[in-house]
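Undergrad: Got a structure for you, written out below as C-alpha cells; questions coming shortly.
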Amino acid sequence: MTAYCLETAQLTHYFPHNEMGLDNICLQVPAGAIYGFLGPNGAGKTTTLKLILGLLRKQQGSIRIFGESFDTHRVAILKRVGSLIESPSVYAHLTAAENLRLLQKIYQCPAARVREVLALTGLLDTGAKKVQRFSLGMKQRLSIAIAMLHNPSLLILDEPTNGLDPAGIIEMRALLRQLNQESNITIVISSHLLTEIEKLVTHVGIINKGKLLYQGELHTLTGQRAAGSRTVIDCSDAARSLTLILENGWTGVLEEGKVLLESVSREGLADINQRLVMAGIQVYDMNTRRNDLEDIFMNLTNN
Amino acid sequence: MTLTFLNSFQSEWMKRTRSAAVWLTLAGGAFLPVIILLQRFYFFDTLSKDNSDPKIWEQLYGRSWQFMATFLLPMGVILATSLIGQLEYRNNTWKQLHTTPQSLTTIFFAKLLVILIMLLQFFILFNIGIYLEGLIPALLVKRVPFPAEPFPFMKYLLGNGKFLLTCLPVVALQYLLSLQYRNFLVPVGVGLGIYIFAIMAARWKYGFIIPYIYSVYSLNGQFEERIYLWSVGYFLVTTIIGYLLFIYKEERG
C-alpha cells in the first residue's frame, strides 16, 4: 500500500448560492513526490489547496496529511507544512529578514535559518530595504523563503512562479528539485503553465470545473503522448508509398498528397524509410508530431 | 501553551514595527504635551507663578486630559486599533498567518494583547509628557522654580486607570470590526459614526449606553457610578462576540 503524504477523500465544496466549487476531489500525493496540480484558471486548484490548509471551512469530505486527520491535528500538521497560496503574503513595511524573523519566532526554528533561506532565494543582499520596494518577483521569492523557513516535510505552492522572470523560473525549478531530492520534501505545486509542470513533476493531477480528471504518475501520462504521435511523409510517389506501407502491416492514409501515419515507433519509421528508398521512391521529409502534454491536457479539459 | 502564546505575542509585536499604528501612538501621546508646553511658554510671564502653585500637577493634568479625553483619545483608539487589525488585510497576510502552527485562539488574543499594550504605552508616554510640561520650563528658564507640589502619583494612577477602562469597549468593538472587514473604511467609519452619535447623545439621560465617550463622562464625572462597570461588561461581551466571529469565519485569507 502506498504511503500518501497528503490525501483527500470526497472533498466537496459549494460556494454561496449553491454554486459547485469542488466535486468529490480525491487527491493522493505520495510521500517524496513532486505533484503537479494542473488546471485552467477557475478550475478549483486554489480552492482545493485552501481547503487542505484550513483557509476555507471544510464542508464535505476528509483531509489527511502525514497520515493524520487535519481536523484533529491541525497545529501539529502545520508545523511540518510550508505554503504559498496565490499572490505574495508579506509585510510591506518590514524588511525581508524582519518578515522571516517574526515567523521564526512562531516556528521556533534556529535563527540561522533566516540567513539560510534568504541566501537560498537570492535575497541575502536586500538588507534594510523594505518589502514595499521589492519587485513582484522578489516578493514571490520571499514568500518561498517563508514557506521553506522551518524545513517543512510538505511544501504546498500555488502558482509559485507568478511574477518571476525566465531565469527566476529556472532557478525556482532547480531549487524545488534540489529540495525534493536532497531533503526528500514532498511538493505540491499548482500551475496552469503546463511546460513548467512537465519539467519538474513526478506525479500529475488534472482538475477542471471542480472535478479531478486525471491523477497518476507523469510517465503514464507521457506514455499517451507516444501513442498519439502522427508522422507525415513527403515523398515522390505518395500512392505507391502508401501501398507499400499497408502491405507491410502499418496503417496510414493519404492526405494532401502526403502519407499520414499514426503511432509508429522510431524503429518503424527507419524501416519504412529504408523500404521506400529501396523501392526507388525519393523521401523528401519525414516529420513526426507527438502529442504533447498541452494536447492531452486540452483533450481532458475540453471533454 | 504559555510559551506558544508568548512566541505569538512577540511575533505580533514585531509586526507593528514602523507601522502607522506605532507612529500614531507616539505622535498621539506627545502631541498635547508639546502643545501645552508651547502654550505655557507663550504666556511666559505666568510660568513662575504657575510652577509655584500648590496644585500645579492637578492643573496640568486637568488641562491635558480635557482635550485628550474629549477628542484625541477616542479618535486615537479608533484609528490605532483599526490599523493593527487591518495589518493582515493590507499586506494580504491572513493566509500566511493562518497556516502557521498556532490556534485561532492564540492568534486572536495575541493581537488583542498587542493593542492593549500599545494603549498602555500611549498612556505612559502621555503622562511622561504631562510631567515634562511642568519640568521643562524649570529646566530651561533659570527664574522658573521646579513645581512646588510633589508629583501626585496615586491621583494620576487612579485617574489614568479610569480613562484606560473607558477605552476598553472602543478597543473591543474596533478590533471586532477590523478583523471582519477587509476595507479599512468600515471599522473607522463605524467608529467615527458611533463617536459622533455618542457626542450628540451626551446629555441624554441614557447616554451611558453608548460607550464611545465614556472618557468624556469620566472627565466630567457624569454617570461615574456605572460607566466603569459597563466598560468592563461591554469589553468582555464584545470580545467574546469578536472571538466567536473570528474562529467561525468561513474563509481565512
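Undergrad: Could you tell me whether segment A:89-166 comes out rounded, prolate or oblate from its Cα gyration tensor? Rule is a ≥ b ≥ c as square roots of the eigenvalues, rounded for a/c under 1.5, then prolate if a/b exceeds b/c, otherwise oblate.
TA: Oblate.
Undergrad: Based on the Cβ-Cβ distance of residue B:226 and residue B:247, what FRET efficiency does E = 1/(1 + (r/R0)^6) give at R0 = 35 Å, to the nearest 0.05?
TA: Efficiency computed from Cβ-Cβ geometry: 0.65.
Undergrad: What average number of partner chain Cβ atoms lie no more than 10 Å from the Cβ of the residues making up B:85-95?
TA: Working: counts 0, 0, 3, 2, 0, 3, 10, 8, 7, 2, 10.
Averaged over the peptide's residues, the number is 4.
Undergrad: What does the structure give for B:98-107 when I average, per residue, the other chain Cβ atoms found within 10 Å of the residue Cβ?
TA: 6
Undergrad: For segment B:221-233, what does the Karplus curve 6.51 cos²θ - 1.76 cosθ + 1.60, with θ = phi - 60°, yield as ³J(HN,Hα) per residue in whole Hz, taken in order and with x for Gly and Pro?
TA: So the J values, rounded to whole Hz, are x, 7, 6, 4, 5, 10, 5, 6, 5, 5, 4, 5, x.
Undergrad: Can I ask one more? From the phi of every residue in segment A:178-195, what ³J(HN,Hα) in whole Hz does the Karplus formula 6.51 cos²θ - 1.76 cosθ + 1.60 yield, where θ is phi - 60° and glycine or proline is x?
TA: 5, 4, 5, 7, 7, 10, 6, 7, 7, 10, 10, 10, 9, 6, 10, 8, 5, 4
Undergrad: Next up: Give the long-range amide H neighbours of residue A:190: residues separated by 5 or more places, or on another chain, with amide H under 5 Å away, using H modelled in the peptide plane at 1.01 Å from N.
TA: A:37, A:157, A:158, A:159
Undergrad: In sequence order, what are the phi-derived ³J(HN,Hα) couplings for segment B:71-82 according to the Karplus relation 6.51 cos²θ - 1.76 cosθ + 1.60 with θ = phi - 60°, rounded to whole Hz, with x for glycine and proline?
TA: 10, 5, 5, x, 4, x, 5, 4, 5, 5, 5, 5
Undergrad: Got a sec? How would B:17, A:48 order by Cβ neighbour count within 10 Å, fewest to most?
TA: So the residues, fewest neighbours to most, are B:17, A:48.
Undergrad: Are there chymotrypsin sites (Phe, Trp or Tyr not before Pro) in segment A:17-109 that DSSP marks as loop and that have at most 10 other Cβ atoms within 10 Å, and which are they?
TA: Details: sites: A:35, A:37, A:66, A:70, A:91, A:107; in loops: A:66, A:70, A:91.
Within segment A:17-109, no chymotrypsin sites (Phe, Trp or Tyr not before Pro) qualify (loop, at most 10 other Cβ atoms within 10 Å).
Undergrad: Could you line up B:167, A:235 from fewest to most neighbouring Cβ atoms inside 10 Å?
TA: A:235, B:167
Undergrad: Using 1/(1 + (r/R0)^6) with R0 = 41 angstrom and r between the beta carbons of residue A:75 and residue B:204, what's the FRET efficiency to the nearest 0.05? Could the numbers behind the result be given before it?
TA: Details: r = 48 Å, r/R0 = 1.18.
In this case the efficiency is close to 0.25.
Undergrad: Taking Rh as the Kirkwood radius, which is the inverse of the mean 1/r over Cα pairs, what is the Rg/Rh value for the protein assembly as shown?
TA: Over the Cα atoms of the protein assembly as shown, Rg/Rh equals 1.19.
Undergrad: Something else about it: Expressed as a whole percent, how much of the Cα-Cα distance distribution for segment A:228-298 exceeds 14 Å? Don't skip to the answer; put the middle values down first.
TA: Numbers: 1392 of 2485 pairs.
The proportion of pairs with Cα distances above 14 Å equals 56 percent.
Undergrad: Enumerate the aspartates and glutamates that residue B:49 could reach by cross-link, defined here as Cα to Cα under 17 Å, with residues fewer than 8 away along the same chain left out.
TA: B:58, B:133, B:149
Undergrad: Among the listed pairs A:209/B:95; A:50/A:199; A:130/B:15; B:15/B:162; A:79/A:129, give every one whose C-alpha distance is greater than 21 Å. Don't skip to the answer; put the middle values down first.
TA: Values: A:209/B:95 24 Å; A:50/A:199 25 Å; A:130/B:15 13 Å; B:15/B:162 29 Å; A:79/A:129 29 Å.
Too far apart for the 21 Å limit: A:209/B:95; A:50/A:199; B:15/B:162; A:79/A:129.
Undergrad: To the nearest 0.05, what FRET efficiency results for residue A:247 and residue A:183 with a Förster distance of 45 Å applied to their C-beta separation? Intermediate results must be reported in sequence, preceding the final value.
TA: On the way: r = 57 Å, r/R0 = 1.27.
Calculated transfer efficiency: 0.20.
Undergrad: For segment B:77-154, which trypsin sites (Lys or Arg not before Pro) are both in a DSSP coil and crowded by at most 13 other Cβ atoms within 10 Å? List each step's numbers first, then the result.
TA: Details: sites: B:90, B:95, B:111, B:142, B:143; in loops: B:142, B:143.
Those satisfying the criteria are B:142, B:143.
Undergrad: From the helices alone, meaning DSSP H stretches of at least four residues, give me the mean residue ellipticity at 222 nm for chain B, per-run term -39500 (n - 2.57), in deg cm²/dmol to the nearest 500.
TA: -25500 deg cm²/dmol
Undergrad: Quick check on the exposure proxy: order A:12, A:243 from fewest to most C-beta atoms within 10 angstrom.
TA: A:243, A:12
Undergrad: Indicate, rounded to the nearest 5 percent, the antiparallel portion of the DSSP beta bridges found entirely in segment A:4-224.
TA: 55
Undergrad: With both bridge residues required to lie in the protein assembly as shown, what share of the DSSP beta bridges run antiparallel, to the nearest 5%?
TA: 65
Undergrad: Need one number: nm distance between label points at residue A:128 and residue B:186, each 7 Å from Cα along Cα→Cβ, rounded to one decimal.
TA: 3.8
Undergrad: Let me make sure I get this right: for chain B, a, b and c are the square roots of the gyration tensor eigenvalues over alpha carbons, sorted descending. Under 1.5 in a/c it's rounded, otherwise prolate if a/b > b/c, else oblate. Which is it?
TA: Numbers: a/c = 2.39, a/b = 1.73, b/c = 1.38.
Cα axes put chain B in the prolate bin.
Each value in this text was obtained by applying a stated rule to the coordinates, not by laboratory testing. On a predicted model such as this, the values are computed, not experimentally measured, just so you know. All Cβ positions, even for glycine, are placed from backbone atoms using ideal geometry, and neighbour counts span all protein chains on display.
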